[in-house]
Amino acid sequence: MAEPPKALLEDWTIGFVQSKTLSATMIAELSQIVKEHGATVLEPNRKGKLRVSEAKVIVSNTIDFDQYTEAQAECIPIPVVTANWVKTTIGRNKVAQFRPYSPDPRMIFSNVNLTCADIPDIDKETITGATLALGGMESKDLTRLTTHICALSMDHPKCIQAKVKAPKCKIVLPHWFDDCFRLGKRISEEPYLLPDPEILRKDPEANVQIPASQHLEGATSAIPNAPMSAEASGRQKLVVFAQKKVMLSTDLNINNRLRKILGDLIKGGDGEVVDNVDACDMFICHYRDGEQYIRAAQSGKDVGNLAWLYHLIVHNEWTSPLRRLLHYPIPKNGIAGFEGMTITLSNYGGDARIYLENLITAAGAKYTKTLKADNTHLITARSSSEKCDAARDWNVEIVNHLWIEESYAECQVQSLSNEKYRYFPPRTNLGEVIGQTFLDERKLRDKFYPGGEDKLDSAAKRKRKINDATQANVYGVDTVPPASRDFSVMKDSSPAPATTKATTKKATRAAQATAAAQNFATPAKARHVRAGKENNTPSVASSGSRSAKAQALSKIHKLAPDVALYEKEKKRTKDGHGPWGGKRAADQIDKDRTGKSASPGRDEAQDDDEVDDQASKRSSKRAKHSLPGVEMRICLTGYKRWVGDKHKEEMDRKKLRAMGIQIVQENSPCEYLAAPRMVRTQKFLRCLARGPEVINSSFITDCLETGEVPDVEKYALVDEDSEQSFGVTIATAVARARANRGRLLWGVPVYCTADIKNGVESYKTIAEANGAIFKTYKARSGTTIKPTSAEEDGGAPPEPVYLLTSPSQAERQLWPKFEDMARNGNMEPRIVVSDWLLDAAMKQELGFDPKYLAKNYFAEGGEGGKA
């Protein structure tokens, strides 16, 4: 008997990475498709990280995700491809090649499918080979996947056929490929398009429109100019800082108000602001200088400047600070070799000009608006302008912006003998490829933070090996020492001793505290010295402590009769015979005195003494009743011990706090979620989205009854019955939540009827905790989805939009109106019961089953879930 045919993706393990261009909805659909063709979709590990070593391919529309470096650091790099790879593979029923679908922007021809027409064989081989090396594909014949035809005229049969069958296919001169190869950047095809190419038709020196700079948004300056407010991220939940610890360096030139706003934004996005370099994940500073910067960079932290931090907040998506030159701290004294250079610009405009001005200054050169005879360099986007003519007369070096960018990225002045720095395509303004140069981490390390291996822990050493291996694999340079070629990202550099989580946590915090004490010692407060002769004794000795106390005592004696009368009056209650007096009058006097300011003639020394006395009293009071630091933050739900007894709850909370345990609300950061079992309560589901450890609430009871904190690992929540009922284990749900980082429903529009059972707010908090765009839908809500046709939407398939509803007659009347609004906006309406949201939040997985549709669910007699 013949064996059944093997599935297309059998034995394939595929990991998906969510981003703005690869939504959770799309991932859910693609996951279902690849599973139907035999593939296994990787679940995240316990920390919410992708199991890189187990993946055969990773699907991501960007290289800006945490584990991209790990994927490229393997001995055989794991392919990272865009979602189009899955679509092409399924559509052709054949596994597609990886390179043409790379999201790496350095693969400039990654979406080019080339076929050649009437060009010489030698040129054809050269163009084809270089195109394949830079991510493109080549086919002998014209197919429906062909994007470019390289030809010298329109007479070739391929060109004639393309005009009829493939009107979107671009027929270009071979000059386009040659210019792209010489620059190492992909420029626009427009001047090279047949049948009437602009480079053959127009004068090379004729004006060319200055293009928009697509890669410079939020990266034109190391110091952002736009003000930052607490609402800067808009209504969408800020998720970019989830599970991240951020340190704001002291060298940032920001005031306390802005520092507080940034701290609140980070905390509101489930992040944490720390003041210890070793404890942080992201270090924000202005200069590549100082002990803190060196420590953070050597340890493999994400080091960026304020412009990078603003970019993260505004775009709400992580990007490497090495992707854009002015997102990384600038050198304090510039780049060696740029001192003494005087540079001006020509043919750049808008953001590109501002960016280059700041880049020139950051490199350590002098920027001038006008060209003079003493200028050393002219950076221009084209070779024709008045400045270019004058520069030739004055023997000023003429280069394009790639010279300054690559010099800054390589941390040294690049030689002008490199042809690409002096090359200018005839009908192209090079401003269209500005801002595409990456920083080289190895060069940064050699120049600004060399060594330090002996001070790194095992995690930092492992990260450094990953970075080195990634650089070698990406650039194809065999610079990695032989010993590291067998390195695997799943192996630690040294075996770790078997310790409990509590012991590890205490040891880590002790080490961090020691480091903080060494690195961040508070300097002694400087005494204020008045201007005058160097050794003069101050003439204000009479305002010392004794004089102040004597004056204060004298004033108290004078006020003694009034004080006695006040105290007597304060004890008397109103007797009903007078309109005013007694305790009421005394209270009013207290209020009046509180509202008045101090007397203008009050002695300054007396003020200082009183402030010092009050400070010492407060200090001694705090020392007497000081509480231990918070070791555990726990969100507690479904706990029966305190039901109906507020006093007992208050007393127990104080006991727990004295043990270093703080009970927090579900909207506050926490490390643990405590519950007697898996429950679909609002608090449980909202907190679960943060990915905390889930423990049994009996841990709280045992702490209160024994007065000691037991090993929390022994209290991991076990609830097999609920796991079977909900269709997910606790460990899987937590791992997914950590991977989602509050983005399960990121960008998904979720509407809710105003009259839904259990109220709108209960579902709103759950949906927004998972990143949804939540809106209430009423009879008079009007159209809240912009009418859009499929053509206006770029031919993309309709995105789903959800409406949570109950079975009441008033809500049913809203269903047809909602469906019409969604379809008019080129969206797919899904009117669902609340169980869809509750189950998705519990599983931390976005899927869809027709059983959740209201028309199906209520037809079977269901009533909807509880939140």
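Nothing in this text is a laboratory measurement; each read-out follows from the coordinates by a stated rule. Quick caveat, the model's predicted, so the values are computed rather than measured. When we count neighbours, we look across all protein chains shown, and the Cβ atoms used for this are built from the backbone with ideal geometry, even at glycine.
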Value in Å of the Kirkwood radius, where the stretch 708-797 supplies the Cα pairs that are averaged: 16.9 Å
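Kirkwood Rh over alpha-carbon pairs of the stretch 245-327, then Stokes-Einstein at 4 °C and 1.567 mPa s: what D in µm² s⁻¹, rounded to an integer? Display every interim value, and only then the final one.
Numbers: Rh = 12.8 Å.
Value of D from the Cα-based Kirkwood radius: 101 µm²/s.
Using only Cα atoms, what Kirkwood radius does the stretch 113-201 have, in angstroms?
Taking the inverse mean of 1/r over all distinct Cα pairs, the stretch 113-201 comes out at 13.0 Å.
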Per-residue ³J(HN,Hα) for the stretch 56-71, Karplus 6.51 cos²θ - 1.76 cosθ + 1.60, θ = phi - 60°, Hz, x for Gly and Pro: 8, 7, 10, 9, 8, 8, 8, 8, 8, 9, 3, 9, 4, 4, 5, 4
Isotropic mean projected area of the C-alpha convex hull, the stretch 287-352 (nm²): 6.3 nm²
Separation in nanometres of the label points that stand 7 Å from Cα toward Cβ, at Asp711 and Glu43: 2.5 nm
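I need the GluC sites (Glu not before Pro) found in the stretch 1-92, filtered to DSSP loop residues with at most 15 other beta carbons within 10 Å of theirs. Kindly include the intermediate steps, with their values, before the conclusion.
Numbers: sites: Glu10, Glu29, Glu36, Glu54, Glu70, Glu74; in loops: Glu10, Glu74.
Here the GluC sites (Glu not before Pro) that fit, given the DSSP loop and packing criteria, are Glu10.
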Ranking of Ser808, Ser762 by count of other Cβ atoms within 10 Å, fewest first: Ser808, Ser762
Sequence of Lys260, Lys447 once ranked by neighbouring C-beta atoms within 10 Å, starting from the fewest: Lys260, Lys447
Amide hydrogen neighbours beyond the local backbone of Phe16, cut-off 5 Å, H modeled: Leu42, Val59
Trypsin sites (Lys or Arg not before Pro) lying in DSSP loop within the stretch 743-806, provided at most 14 other Cβ fall within 10 Å: Lys778, Arg780
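Just check the stretch 784-867 against the gyration tensor rule for me: Cα atoms, a ≥ b ≥ c as the square roots of the eigenvalues, rounded for a/c under 1.5, and otherwise prolate or oblate depending on whether a/b exceeds b/c.
Values: a/c = 2.61, a/b = 1.51, b/c = 1.73.
Oblate shape, in that a/c is at least 1.5 and b/c is the bigger or equal ratio.
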Estimated vicinal HN-Hα couplings, Hz - the stretch 9-21 in sequence order (Karplus 6.51, -1.76, 1.60; Gly, Pro = x): 10, 5, 6, 8, 10, 10, x, 10, 10, 6, 7, 5, 9
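Tell me the relative contact order for the stretch 342-443 as a rounded percent, counting alpha carbon contacts under 8 Å between residues six or more apart.
It rounds to 27 percent for the stretch 342-443.
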Rg/Rg_globular for the stretch 342-443, with Rg_globular taken as 2.2 N^0.38 Å and Rg from C-alpha atoms: 1.00
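Using the Kirkwood radius over Cα pairs, work out the Stokes-Einstein diffusion coefficient for the stretch 632-717 at 4 °C and 1.567 mPa s, in µm²/s as a whole number. Could the numbers behind the result be given before it?
On the way: Rh = 12.9 Å.
My calculation gives 100 µm²/s for D.
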Nonlocal Lys pairs with alpha-carbon distance under 22 Å, the stretch 58-196 (8 or more apart, or different chains): 16
Lys170 long-range amide H proximity, modeled H, under 5 Å: His148, Ile149
Of the trypsin sites (Lys or Arg not before Pro) in the stretch 638-674, those whose Cβ has at most 16 other Cβ within 10 Å and which sit in DSSP loop: Lys640, Arg641
Relative contact order, percent, the stretch 113-201 [alpha-carbon distance under 8 Å, six or more residues apart]: 27 percent
Footprinting exposure proxy for Glu198, Glu845 (fewest neighbouring C-beta atoms within 10 Å first): Glu198, Glu845
For the stretch 1-90, Kirkwood radius (reciprocal of mean inverse C-alpha pair distance, Å): 13.7 Å
Whole-Hz couplings from phi, Karplus 6.51/-1.76/1.60, listed for the stretch 812-819; x for Gly and Pro: 4, 5, 7, 4, x, 5, 5, 4
Relative contact order of the stretch 241-371, defined on C-alpha pairs under 8 angstrom at six or more residues apart (%): 19 percent
